[in-house]
Each structure stands twice: as C-alpha cells, then as structure tokens.
Amino acid sequence: MNRFAVAAASSLAEAAAGASATVANAMTVPPEGHGYSEVSVIKAGGIDLLDLIKEGLLAPSKVVNLKDVPGLDGVAEEADGGLRIGPMATLASLAAHPKVRADYPALADALGDSASPQIRNVATLGGNLLQRPRCWYLRSHAFRCLRKGGGHCFAIHGENQYHAIFNNMPCAIVHPSTAATALVALGATVEITGAAGTARRLLLENFFVPAERDMQRENDLGPREILTAIRLPKLAASVRMAYIKQGEKDSFDWPLADVAAVLDVDSRGVCRHASLVLGAAAPVPYRAGTAEAALTGKRVDEAVARQAARAALDGATPLSKNAYKLPLFEALVRRAIVKAGG
Ligand SMILES: Cc1cc2nc3c(=O)[nH]c(=O)nc-3n(C[C@H](O)[C@H](O)[C@H](O)COP(=O)(O)OP(=O)(O)OC[C@H]3O[C@@H](n4cnc5c(N)ncnc54)[C@H](O)[C@@H]3O)c2cc1C
Ligand code: SF4
C-alpha cells in the first residue's frame, strides 16, 4: 500500500476540484506496464476505495473525504412528492427510513439485504452505486484484463460462475450494486455536479455504461464530478413492488441473482405497466423488456408470472460455469411478480 495524503473537503466545489480522476480511470494500467498514475480520488464510506488501495490496485497520492461537505447526507421529500436522497446517506439509515420503507419497500429490502450490518452502517448509497465490480481477475493485480486496459478477458473461458448471463461479451462483469437493481426498477434519477457547480440530471439506468460502449468504466461519472443526489419519483397508489435476492448461502456476500419488480396494477388486477430488473445478470442492471411486455395488459396471476419469468431469460448467453443462473432467475422473477402483484 502506498502512502497518500488525506484531505477533508468542506464544500462541493473543493470536493469536485479534488477529484482529479475517477477510480476507474486510475485503475487502468498504462500499456508500458505497472505503476498506476498518481491521482487524487474521492472517498465516501471508504469500504470499496480502501479495499482497492490495500489490494494494490489503486495508488492515489491524495484521498478527498466527502464527509464534511454540507448537505450530502440528507433525505427529503420533494414538492412533487418524490424523494431526494443525498449520496452520503448510509445504507442502514436508508433501509430504516420511514418514507423509504413505506413508499419504496423494494429499495428498503434491497438495502437491508446488502452486505453486513457493520458495512451498512458505514457504506453510503453514492459509494454503493459507484463501487467497482467484483470480478476476481479485475480485483487481482496478477491479471491485466480488458477492464484494466489489457487485451484479454480472463473470465470468458475461465472462472466465470459469478459472471454475467446477458451481454457478457467482451467483458462479463455483473454490476455489483444491489441498491441499483431496485433503484433502476423504480425509475430513479441521479444528479451529477461538476467543479463549476453545474449539475446534470439523468436516469440512473442511463448513467450506467454497458461494456460494449466502454469497458473501462461502469458509469458516466467523469473526473472532477460528484454524485450529489439520487431521486425517486412519486409513485401512484396503484404501484406495487417486490425485491428478492438469492445468495450462495445466508451470508453477507453479494447476491448470485436478485430481482426487483415494480408493477402498476388496476383494480381488476390487470398490469398497466411493469418494470422488471435483474441484478447480478449483466454488466449493468438488466431490464427484462420481453418479460415486461408479457405482463402488460394481463391479469397478474401465477400462470402469467411463469410465462413472464420464462420470457425474462430471452437472449441469455450463459458462460461455461454460470448456466445455473437461468433456472435461478426464472424462479426469482416468478416469485417477485407474484409477490408484487398479489
Ligand atoms: C463483505 C462485503 C459484502 C458486501 N456485500 C454487498 C452486497 O451484498 N451488495 C452491495 O451492493 N454491495 C456490497 N458490498 C459493497 C459495499 O456495499 C460497497 O463497497 C459500499 O457500499 C461502497 O460505499 P462507500 O460509501 O464505502 O464508498 P467508497 O468506497 O468510499 O467509494 C466507492 C467509489 O465511489 C466513489 N464515490 C463515492 N461517493 C462519491 C460521490 N458522491 N461522488 C463521486 N464519487 C464518489 C469513490 O471515489 C469510489 O470510487 C459489500 C462489501 C463487503 C466488504
Ligand atoms: S469479466 Fe471484465 S473485469 Fe473480469 S476479467 Fe473479463 S474483462 Fe476483466
């Protein structure tokens, strides 16, 4: 582990100015070999950031802490009835937040099912959305894979049991954020603020960057940019939802597969609109469009849920060691639809 300076930013402008590179940029190894460039990077709770530094995958000269920047950890109801969440709000505080539990229970469940109680008390929602993937080749400095600027994906024909079953060429990571599965299904937006104070707002779904667009980053955050808010829209009273996760065992590890279902169902039980998102399935949270179409206009019952669950796997291209995810996802999608629609 290298020595690095620690600075506490006291304003947003100071924090953005201090983010000379994103962590994804800073982990890309130059073709001439090892030696990650000296950079200054942002720290929130520090769970993922310090892990990468300790593993020798990142060698910043400075770490800029967001903790003292005012206004980044609040949760407030907006004038239109939606919810604005500061990126420094912890996973534990959000999982227990009365408004999140009442209006967005799929998110409360996803947050409450992430990691361990100790980690949830420190980890922030912003850091969770921006954490780097868990691919063990990415996380080992013995492998300079495509995502780190190398020329080869070691997972495609290697140890790929935890990898993607959709859109897995040329890189087969799965997006690591459990919260993202629920947030994308709920139609969340994010606000990104640059050093000049100008903010841009985009759908979280569009903030994530598919591997075929750019393999060296998972999101659209640039240098000198700070994630300043996550917003949830107000949902109609007829919207129902469910989040279901399956882990390898009942422990604090990332899910093998997880599903969020958000259904707008009329008084006859007919689905007017469906949002179905699969986590741990693809390099970005995966929207199961064919399954959404299979649900829309139908009365939500067990038979329709089964049909939609089969449709959710359309286009899957499992790798040598992860075909077990197909029946797993089929079962989780069916259960999530029945739970949300019932
Ligand atoms: C044992 C274990 C189990 C876990 N299980 C799960 C799980 O089941 N599901 C899950 O989703 N996660 C899981 N995690 C991951 C954990 O939740 C994340 O590492 C954590 O949420 C990251 O948040 P943080 O606040 O610590 O971010 P940090 O580590 O401080 O930052 C993460 C990244 O975000 C950047 N960053 C943070 N905030 C901002 C901001 N506002 N603006 C710009 N850049 C920013 C940092 O520069 C860094 O690149 C697990 C972790 C461990 C150790
Ligand atoms: S899946 Fe992606 S991150 Fe993992 S080895 Fe392949 S290119 Fe690298």
(request) Please report, as a whole percent, how much of the solvent-accessible surface of segment 229-322 comes from carbon and sulfur atoms (probe radius 1.4 Å). (result) 51 percent
(message) Output needed for segment 159-276: three equivalent-ellipsoid semi-axes, defined as square roots of 5 times the C-alpha gyration tensor eigenvalues, in descending order, whole Å.
(response) 26, 23, 13
(message) Give me, ordered by chain and number, the residues 5 or more places off Val75 or on other chains with an amide H under 5 Å from its own placed amide H.
(response) Gly86
(request) Give the accessible area for His163 in Å² (nearest 10); use a 1.4 Å probe, count only protein heavy atoms, and leave out ligands, DNA and RNA. (result) 10 Å²
(message) Please list, ordered by chain and number, the residues whose modelled amide H lies under 5 Å from the amide H of Thr228; skip anything fewer than 5 residues away on the same chain.
(response) Glu191, Ile192, Thr193
(request) Using a 1.4 Å probe over the heavy atoms of the protein chains, calculate the carbon and sulfur portion of the accessible area of segment 122-227 as a whole percent. (result) 55 percent
(message) Could you derive backbone 3J(HN,Hα) for segment 206-215 from the dihedral phi with the Karplus parameters 6.51, -1.76 and 1.60 (θ = phi - 60°), listing whole Hz in sequence and x where the residue is Gly or Pro?
(response) 8, 6, 6, 10, x, 4, 6, 8, 7, 8
(request) May I ask you to work out the translational diffusion coefficient for segment 32-100 at 10 °C, viscosity 1.306 mPa s, via Stokes-Einstein with Rh from the Kirkwood sum over Cα pairs, reported in whole µm²/s? (result) 110 µm²/s
(message) Sorted from largest to smallest, which semi-axis lengths in Å does the alpha carbon gyration tensor of segment 88-198 give for its equivalent ellipsoid, taking the root of 5 times each eigenvalue?
(response) 30, 17, 14
(message) Please report Rg (one decimal) and Dmax (integer) in Å for the Cα set of the chain.
(response) 19.8, 64
(message) Once R0 is set to 25 Å, what does the formula 1/(1 + (r/R0)^6) return for the Cβ-Cβ distance between Asn121 and Gln161, expressed as a FRET efficiency to the nearest 0.05?
(response) 0.25
(message) Can you report the principal axis dimensions of segment 210-324 using only the alpha carbons, biggest first, rounded to whole angstrom?
(response) 49, 39, 32
(request) For segment 263-342, restrict the atom set to alpha-carbon positions and state the Rg and Dmax in Å. (result) 12.6, 45
(message) Using a probe radius of 1.4 Å on heavy atoms only, what accessible surface per residue do you get for the chain? Whole Å² is fine.
(response) 42 Å²
(message) Quick check on segment 142-223: what does the Kirkwood estimate of hydrodynamic radius come out to from the alpha carbon pairs, in Å?
(response) 14.4 Å
(message) Taking only Cα atoms of segment 11-160, what ratio of Rg to Rh do you get with Rh as the Kirkwood inverse-distance radius?
(response) 1.03
(request) Report, by chain and number, residues whose modeled amide H sits under 5 Å from the one on Lys321, excluding near sequence neighbours (fewer than 5 apart, same chain). (result) Asn160
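The values are calculated or read from the model by the stated rules, or taken from the named source; none is laboratory data. Computed from a prediction, not measured in an experiment: that's the story for all the values here. With ideal geometry, Cβ positions are generated from the backbone for all residues, glycine too; neighbour counts draw on all protein chains shown. In case anyone asks, the SASA skips ligands and DNA or RNA and just uses the protein heavy atoms, side chains included. Shrake-Rupley method; radii C 1.70, N 1.55, O 1.52, S 1.80 Å.
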